[in-house]
1. Is there any pair with a first residue in region 367-392 that is closer than 15 Å to Leu279 by Cα and open to solvent by 10 Å² or more (accessible area, probe 1.4 Å) and a second that is part of a loop (DSSP other than H, G, I, E, B) and not small (Gly, Ala, Ser) whose Cβ atoms are under 7 Å apart and which are 6 or more apart or on different chains, and what are they?
2. Given Thr239, Thr249, Thr235, which one is out of contact with any Ser or Thr (no Cβ under 9 Å at 6 or more places or on another chain) and open to solvent by 10 Å² or more (accessible area, probe 1.4 Å)?
3. Condition first: of a type outside the set (D, E, K, R), open to solvent by 10 Å² or more (accessible area, probe 1.4 Å), modelled with pLDDT under 95 and over 27 Å from Trp205 (Cα atoms). Can you find one or more residues in region 164-175 that meet it?
4. Just to be sure, is Pro430 farther than 20 Å from Val373 by Cβ, open to solvent by 10 Å² or more (accessible area, probe 1.4 Å) and not aliphatic (A, V, I, L, M)?
5. State the number of residues belonging to region 200-229 that are under 15 Å from Val366 (Cα atoms) and assigned to a loop (DSSP other than H, G, I, E, B).
6. Collect the residues in region 301-323 that are open to solvent by 10 Å² or more (accessible area, probe 1.4 Å) and either in contact with a His (Cβ under 7 Å, 6 or more places away or on another chain) or small (Gly, Ala, Ser) (or both), keeping them in residue-number order.
7. Of all residues being in a helix (DSSP H, G or I) and out of contact with any Gly (no Cβ under 8 Å at 6 or more places or on another chain) in region 129-161, which is surrounded by the most Cβ atoms within 10 Å (Cβ to Cβ)? Just the residue, please.
8. Give the number of residues within region 20-44 that are out of contact with any Pro (no Cβ under 8 Å at 6 or more places or on another chain), open to solvent by 40 Å² or more (accessible area, probe 1.4 Å) and not hydrophobic (A, V, I, L, M, F, W, C).
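The values are calculated or read from the model by the stated rules, or taken from the named source; none is laboratory data. As the structure is a computational prediction, the values presented were derived from the model and not from experiment. We place every Cβ from the backbone using ideal geometry, glycine too, and count neighbours over all the protein chains shown. Remember, those area values only see protein heavy atoms, side chains included, never the ligands or the DNA or RNA. Shrake-Rupley method; radii C 1.70, N 1.55, O 1.52, S 1.80 Å.
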Amino acid sequence: MQLPVISRADALVGDAIEAAVRAKHRRRLRRLGWERALEPPDGALWAAGDPPPRPGCSLDVLIDGAQALPAIAEALQGARRFVHLTGWHVAPHFELVRDEPPVVLGALLAALAERIDVRVLVWAGAPVPAFHPTRGEVAEAIRTLTRNTHIRAEPDPREHPFHCHHEKTIGIDGELAFVGGIDLTDDSGDRFDSSAHEARRRLGWHDVAARLRGPAVSDVDDHFVARWHAVTGETLERTPSPPPAGDTTVQVVRTVAEDMYDELPRGDFRILESYMRALRAARHLIYLENQFLWAPEIVAVLADKLRRSQQDDFRVVVLLPAKANNGQDDTRGQLSVLAEADDGAERFLGATIRSLSGRRDDPLYVHAKVGIVDDRWLTVGSANLNAHSLLNDTEMNVVSDDAGLARDTRVRLWAEHLELEQAEVAAMDPVTLVDDYWRPIAAEQLERRQAGQSPTHRLCALPGVSRRSARLLGPLEGLTDDG
């Protein structure tokens, strides 16, 4: 596809800056002994090292807050020995259940702390007040949460500059854990949203979490124990591995930057490694839901797949917010890179969703972090597809090779986004769904939006950008703040 001279020159500038960012990331990972995260030396889907994949687990994918949050409340109410909770931000007034009577997070944790140990570990907040939550806002939330209670809550300030502790986990009794993307706060948007995504005259929130039972639960809790010790100096007893609870193999993977915790002086970058392994191995389908898509290493693999795949049935679908809270131009620019790599073959689609009730529509924020490859590999967690989450912020994902679970999760998500019954989606192959449903619906709704007409469907295509250097604000940050 021929580009005008200005566009070609602009693309060359973009390519040069992005190459510099990728080279910087590679040098950093090589120095730390983590270059395998970019180029795994074998074809296995599992990340190397510890913790290994754990057979005998049960993994439930909870889609949207209306399903996930009451499940979290029920599990917390049944806690018998301890609760370990981590978050980017936690609001004491946040409602996990909105029926009458509501279940309020702070009150629930306070009641639990009267009889068991309750520990909460949150990011200390942005040291520069231009970003939220600030150090002061987090300190006030902790004071409110712990006032006249036995809750132990601590801020973790051990972030690298411009980064944060972003994981969202809950460990209960060493037997049950939640790992996902849902923050227990109403800051910026309403996390309690259903899969119907009705227009409510406020920002809706599409998100996903996972409920985990079985041996991998101990890996979630071990991570909490290590962070708690680093922040407080208190050594907690590590919980023994729980007995088998199902037939699914699960691996817990994380991002921890180097020089942050004594236990991990060289860091841990196995979320990046997991994605690179799965995307490189993809043969037929890559489906990603994420808040961001401006990790140049990830986009490079996707673009290479689109250029080189010999499979007629190969498709890449990414679901992103219509307007991310930062990095928006960068994400749109990466979409244009993928569109160029596709070169009109219609194997790639970038789309978004919105809340819709009849003719009323409201913004809907895609905050989920889900990856599905070939209906045989699945990841759910807190990590975005940007350098912050893959190289710098503290993150946790779960990964599974349970093909039935991967396919079932895709079917449920696609039924929600395409406004079809799950049985209809399950009865059709992914290519048919992408070509006959995803693409035409998304294109029609984008045309209606551009013409100023009311939407008739939640789905909408995301336009890319033509000037590639416009997308490099995020990657450019990597030249200065990625360590």
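1. Going by the 7 Å Cβ cut-off, the qualifying pairs are Asp374/Arg283; Asp374/His284; Arg376/Asp401.
2. Values: Thr239 fails: out of contact with any Ser or Thr (no Cβ under 9 Å at 6 or more places or on another chain); Thr249 fails: out of contact with any Ser or Thr (no Cβ under 9 Å at 6 or more places or on another chain).
Going through Thr239, Thr249, Thr235 in turn, the sole match is Thr235.
3. No, because not a single residue in region 164-175 is of a type outside the set (D, E, K, R), open to solvent by 10 Å² or more (accessible area, probe 1.4 Å), modelled with pLDDT under 95 and over 27 Å from Trp205 (Cα atoms).
4. Details: farther than 20 Å from Val373 by Cβ: no; open to solvent by 10 Å² or more (accessible area, probe 1.4 Å): yes; not aliphatic (A, V, I, L, M): yes.
No: the conditions fail for Pro430.
5. Let us first name the residues in region 200-229 that are under 15 Å from Val366 (Cα atoms), namely 202-209.
Add one more test, that the residue is assigned to a loop (DSSP other than H, G, I, E, B), and what stays is 202-203, 207.
Going through region 200-229 one residue at a time, the tally reaches 3.
6. The first filter runs over region 301-323 and keeps only residues open to solvent by 10 Å² or more (accessible area, probe 1.4 Å), leaving 301, 304-305, 307-313, 315, 322-323.
Passing the criteria: Ser309, Gln311, Asp313, Ala322.
7. Quick first cut of region 129-161, residues in a helix (DSSP H, G or I) only: 135-146.
Next, only the ones that are out of contact with any Gly (no Cβ under 8 Å at 6 or more places or on another chain) stay: 140-143, 146.
Numbers: Glu140: 14, Ala141: 24, Ile142: 20, Arg143: 11, Thr146: 20.
Among those residues, the one meeting the criterion is Ala141.
8. Final tally of qualifying residues: 11.
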